[in-house]
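Shown next, in structure tokens, is the structure this report addresses.
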Amino acid sequence: MDRPYKQTQSEVPHASEPMAAYDRAASRTIFNKAQIELLDTMASVESDEELMALKHAISEFFARRADEEMERLWQSGEWNEQTLEDLRSAHYRTPYKQ
């Protein structure tokens, strides 16, 4: 199911081009290989059950990647019990003026 995908340089506006070039680019949708593959896969989904199964498989894929990265951080020593404790009490919310 590997489809050829090519994004030509002329499709992407350069910073030195006028804003009109950005407007033209914004009106076009350019998909990467993963997006094209997912669209092809989604075209074969015929029921809500199949859709839920596909969503679950995608969720498991990203959860596994997150677990692998956390394991790498833990093994390298970049993360430890203190890091987890610091995160538990951290506040990363956007401050709003009152």
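The values are calculated or read from the model by the stated rules, or taken from the named source; none is laboratory data. Bear in mind the structure is a predicted one, so any value in this text is a computation, not a measurement. Don't worry about glycine lacking a Cβ; one is built from the backbone with ideal geometry, like all the others, and counts go over all protein chains shown.
General observations
- Sub-9 Å Cβ pairs linking a first residue in region 61-76 that is in the same structural domain as LEU87 (by TED's automatic domain parsing) to a second residue that is not polar (S, T, N, Q), at least 6 apart or interchain, are MET70/TRP79; ARG72/GLU78; LEU73/TRP79, ordered by first then second residue.
- Of everything in region 52-85 that is farther than 23 Å from GLN35 by Cα and among the hydrophobic types (A, V, I, L, M, F, W, C), the residue that is surrounded by the most Cβ atoms within 10 Å (Cβ to Cβ) is TRP79.
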